[in-house]
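Working notes, beginning with the structure itself.
The values are calculated or read from the model by the stated rules, or taken from the named source; none is laboratory data. Everything quoted here is computed from the prediction, not taken from an experiment. For neighbour counting, all protein chains shown are included, and Cβ atoms are generated from backbone atoms with ideal geometry for every residue, glycine included. Each accessible area value is taken on the protein alone, full model and side chains, heavy atoms only, with ligands, DNA and RNA left out. Shrake-Rupley method; radii C 1.70, N 1.55, O 1.52, S 1.80 Å.
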Amino acid sequence: MAWLTAELNRHIYAYHVMDAPTIPDAEYDRMFRELQDLEAAHPEAASLDSPTSRVGATPIPEFKQVTHTVPMLSLNNGFSPEDVDNFDRRVREGLGVEQVDYNGELKFDGLAVSLRYEDGVFVQAGTRGDGATGEDVTVNIRTIRAIPLRLHGDAVPSVLEVRGEVLMYKADFAKLNQRQRDAGQKEYANPRNAAAGSLRQLDSRITSSRNLSFFSYGIGALEGAAMPESHSALLDWLAALGLPVSKERAVVTGAAGLMDYFTDIGKRRAGLAYEIDGVVYKVDRIEDQRKLGFISRAPRFAMAHKFPAEEALTEVLDIGVQVGRTGAITPVARLAPVFVGGVTIENATLHNESEVRRKDIRIGDTVIVRRAGDVIPEVVAYVPERRPANVREFVMPANCPVCGSAIVRPEDEAVARCSGGWTHCSAQKKGGLMHFVSRRAIDVEGLGDQLIEQLVDKGVIQTAADLYALDQDKLCALDRMATKSAQNVLAALEKSKDTTLARFIYALGIRNVGESTAKALAQHFGNLDALLHAAAFEGGIQLLEVADVGPVVARSIAEFLTDPENAALVAQLRTHLHWKEGAHVMKPTGALAGKTFVLTGTLPTLSRDEAAALIEAAGGKVSGSVSKKTAYVVAGDDAGSKLAKAQELGIAILDEGDLQALLKSSSTEPE
Ligand code: JCF
């Protein structure tokens with residue numbers, strides 16, 4: 001029993017703390033069941049750190065209280081470089097020195113808990129509460145696999161209180177909400193709420209099913225061991241004791257070092273597997289921390305440097321609709337202006353009609369809006385307690401607000417569309433043109449959205465082909481268009497004529513044809529006429545020969561290319577543009593032909609586009625999402641949910657070196 005306990009705990013640590021699974025799940029389960037059977041027969045011999053205690057226990061009527069022997073502190077917040085400068089200046093003055101070393105670490109967006117270990121064994125856990133007393137969540141915390149039930153090593157302290165943050169990974173949050181949705185239960189608004197809701201369950205079996213995680217960032221009481229001399233050494237020590245400590249930490253010097261750390265983490269934030277709401281700076285030397293002491297309940301030696309909040313509350317003034325380039329009608333919440341994610345927002349997408357019903361968002365509601373990084377702002381949920389009696393439901397209009405054509409929604413589709421098409425509907429016309437000139441399509445540099453708006457509104461152009469009939473006079477007649485800018489636009493248009501078949505197909509903006517499908521079509525057919533013939537032949541049946549083109553995509557392509565107005569546009573455009581035409585090859589060649597790759601995270605030397613180009617040159621395909629069809633996932637630093645999904649599905653995972661090796665071996669392999 002002792003051997004099974006130690007062995008299973010070793011595997012749990014490898015999996016949940018080191019992210020490096022050691023044995024297959026089935027083998028783990030077998031050993032686990034064997035230990036369970038032995039414990040049932042010999043309950044007196046069950047160890048305090050047995051992994052069988054992690055599945056949760058019978059529900060309790062309420063949480064008891066715990067008193068923290070050393071209070072749990074809060075941190076002073078700062079938001080700007082000035083706040084960082086002031087913090088560093090006060091620290092330097094307080095210590096009477098010129099320069100200070102700090103430890104920078106992440107500020108996890110979860111909930112603070114304190115874990116008590118006696119002689120190395122986990123005995124109690126409490127929430128922060130008011131800092132002095134919190135709730136006893138020992139049984140719930142026990143279910144968190146990342147938290148060791150026994151500290152590693154022989155030299156463990158007689159008493160250690162570990163402080164840290166319980167949180168839920170983004171991928172686990174998405175899975176949980178999917179399960180809640182499937183079960184018709186309430187979804188959580190964000191990973192933090194999900195973590196809090198999961199931890200504070202009186203039935204710890206529920207907590208056990210939620211896959212919570214934990215990171216340590218400090219200690220409270222310590223007896224029977226020496227305090228390390230610096231905060232960074234303390235974190236190293238906690239990691240050596242088997243506690244999870246994030247690797248995203250650094251010792252830096254002075255206010256400039258702190259700002260560099262903040263900027264660096266800000267860039268990496270979206271790629272992290274979990275949410276953070278800022279970073280934490282601490283004077284690194286513990287002796288210096290003691291000298292500086294506390295002001296009321298916050299340490300003078302530490303500061304939380306917060307990112308602008310990504311979520312805020314505001315009111316839905318109205319729900320309007322927006323018309324996309326394919327005619328898709330998207331409901332948009334018109335909001336009372338609110339500052340979120342560093343900008344003021346007045347509109348947020350509601351995606352589609354079903355989404356409005358599912359989230360039950362109504363006009364007059366107070367809602368949580370979210371703007372994470374560069375992601376478009378969205379409405380997360382309404383706040384039930386704030387719903388007034390006179391809320392109104394969103395009604396999908398019968399006609400397009402831009403062109404007046406009927407809005408239709410096929411029964412089997414989530415999306416309603418304007419039936420006007422790009423020839424009638426100026427919103428679709430503009431959207432289509434913006435897509436046509438975009439960087440990854442035909443790439444006309446400097447031809448921005450506002451210019452396209454003007455060109456269409458003033459009736460200067462009707463189609464993408466008209467762009468190539470623009471001249472100095474037509475452009476200079478527009479608002480805010482000087483001779484020099486007009487010349488730049490004309491030069492960019494000239495340059496854009498030299499393109500590729502794949503870019504051209506993508507630029508047409510055919511529904512369901514993204515960049516990778518466009519590349520597959522170009523590679524398969526080699527030249528435009530071969531594609532046009534296939535599209536015109538028996539409803540596009542030959543299109544199904546192209547890797548990854550299914551019936552839905554084939555139908556979109558056939559419908560688009562056989563429409564007389566689209567056909568006329570294609571005919572006109574090909575007189576302006578040129579690309580290398582090849583022979584129609586029936587099957588993509590190259591050693592990686594038919595293999596789908598997914599790229600995630602930051603690779604050490606190759607950019608995403610470079611890696612994709614190398615894979616495609618070898619006949620492989622690059623896709624944005626992991627599925628059973630994925631052959632390889634190429635993972636770099638800060639790989640997130642895609643890596644987790646690949647592990648789950650048992651898909652081969654490569655690093656950049658493996659990829660290079662594969663490309664090299666495939667290039668020398670005889671065809
Ligand atoms: O990650 C956090 N939310 C976090 C909170 C990190 C820290 O190092 C903290 C903290 C709260 C108090 N340190 C203290 C002293």
Inset, instruction - Report, by residue number, each residue of region 167-216 that is surrounded by fewer than 16 Cβ atoms within 10 Å (Cβ to Cβ) and within 16 Å of the ligand (Cβ to nearest atom). - result: none
Inset, instruction - Scan region 547-565 residue by residue and report those that are under 26 Å from Ser496 (Cβ atoms) and open to solvent by less than 10 Å² (accessible area, probe 1.4 Å). - result: Ile557
Legend entry - Which listed residue, of Gly619, Gly650, is open to solvent by less than 30 Å² (accessible area, probe 1.4 Å) and either touching a residue at least 40 places away in the same chain (Cβ under 8 Å) or on the phi > 0 side of the Ramachandran plot (or both): Gly619
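Please indicate, with yes or no, whether at least one residue in region 78-90 is away from the ligand (no atom under 11 Å from the Cβ), among the aliphatic types (A, V, I, L, M), assigned by TED's automatic domain parsing to the domain that holds Asp277 and not in a loop (DSSP other than H, G, I, E, B). It would help to see each step written out before you state the result.
Restricting attention to region 78-90, the residues satisfying the condition of being away from the ligand (no atom under 11 Å from the Cβ) are 78-90.
Filter once more, so that each one left must be among the aliphatic types (A, V, I, L, M): 84.
From the residues that got through so far, the ones that are assigned by TED's automatic domain parsing to the domain that holds Asp277 too are 84.
Among the residues that remain, those that are also not in a loop (DSSP other than H, G, I, E, B) are: 84.
The answer is yes; a qualifying residue exists.
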Inset, instruction - Kindly check whether there is at least one residue in region 621-637 that is of a type in the set (Ser, Thr, Tyr) and part of a helix (DSSP H, G or I). - result: no
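Let me confirm something: among Ala482, Ala486, Ala491, Ala465, which residue is more than 32 Å from the chain's Cα centre (by Cα), without any contact (Cβ under 8 Å) to a residue 24 or more places away in the chain and open to solvent by less than 10 Å² (accessible area, probe 1.4 Å)?
Ala486 is the lone residue from the list that is more than 32 Å from the chain's Cα centre (by Cα), without any contact (Cβ under 8 Å) to a residue 24 or more places away in the chain and open to solvent by less than 10 Å² (accessible area, probe 1.4 Å).
Conditions tested, residue by residue: (1) under 18 Å from Tyr102 (Cα atoms); (2) surrounded by fewer than 20 Cβ atoms within 10 Å (Cβ to Cβ).
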residue: Ala240; (1), (2): no, yes
residue: Ser246; (1), (2): yes, yes
residue: Gly254; (1), (2): yes, yes
residue: Tyr261; (1), (2): yes, no
residue: Ala270; (1), (2): no, yes
Inset, instruction - Just need a number here: residues in region 355-385 that are surrounded by 14 or more Cβ atoms within 10 Å (Cβ to Cβ) and not in a strand (DSSP E or B). - result: 10
Inset, instruction - Being over 29 Å from Gly640 (Cβ atoms) and within 16 Å of the ligand (Cβ to nearest atom) narrows it down to one of Arg268, Arg285, so name that one. - result: Arg285
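Can you name the residue in region 292-302 that is in a strand (DSSP E or B) and open to solvent by 10 Å² or more (accessible area, probe 1.4 Å) and is also farthest from the ligand (Cβ to nearest atom) among such residues? So that I can check it myself, show each step before the final result.
Of region 292-302, the ones in a strand (DSSP E or B) are 294-295, 298-299, 302.
Still in the list and also open to solvent by 10 Å² or more (accessible area, probe 1.4 Å): 294-295.
Working: Phe294: 10, Ile295: 13 Å.
So, considering only residues that are in a strand (DSSP E or B) and open to solvent by 10 Å² or more (accessible area, probe 1.4 Å), the one farthest from the ligand (Cβ to nearest atom) is Ile295.
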Inset, instruction - Would you tally the residues in region 18-72 being within 16 Å of the ligand (Cβ to nearest atom) and open to solvent by less than 80 Å² (accessible area, probe 1.4 Å)? - result: 4
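I'd like to check something: does region 316-327 contain any residue that is farther than 19 Å from Ala427 by Cα and open to solvent by 10 Å² or more (accessible area, probe 1.4 Å)? Steps first, please.
Initially, region 316-327 is screened for residues farther than 19 Å from Ala427 by Cα, giving 316-318.
Still in the list and also open to solvent by 10 Å² or more (accessible area, probe 1.4 Å): 317-318.
Yes; the residues of region 316-327 include at least one that is farther than 19 Å from Ala427 by Cα and open to solvent by 10 Å² or more (accessible area, probe 1.4 Å).
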Inset, instruction - Go through (1) within 13 Å of the ligand (Cβ to nearest atom); (2) open to solvent by less than 20 Å² (accessible area, probe 1.4 Å); (3) modelled with pLDDT of 95 or more one by one and return the number of the condition Ile219 breaks. - result: (2)
Legend entry - Pairs with Cβ under 7 Å, 6+ apart, first in region 501-524 and free of Cβ contacts under 8 Å to residues at least 40 places away in the same chain and open to solvent by less than 40 Å² (accessible area, probe 1.4 Å), second outside any helix (DSSP H, G or I) and hydrophobic (A, V, I, L, M, F, W, C): Ile505/Val513; Thr517/Val549; Leu521/Val546
Inset, instruction - Show the residue pairs that are 6+ apart or on different chains and have beta-carbon atoms under 6 Å apart, the first residue being within region 118-138 and closer than 20 Å to Leu75 by Cβ, the second being charged (D, E, K, R). - result: Gly126/Asp136; Thr127/Glu135; Gly134/Arg128
Legend entry - Test result for Gln289, part of a helix (DSSP H, G or I) and of a type outside the set (Phe, Trp, Tyr): yes
Legend entry - Any chance Asp637 is at pLDDT 90 or above and either closer than 22 Å to Tyr274 by Cα or open to solvent by less than 80 Å² (accessible area, probe 1.4 Å) (or both): no
Inset, instruction - Return only the number of the condition from (1) assigned to a helix (DSSP H, G or I); (2) farther than 18 Å from Ala273 by Cα; (3) open to solvent by less than 10 Å² (accessible area, probe 1.4 Å) that Gly134 does not satisfy. - result: (1)
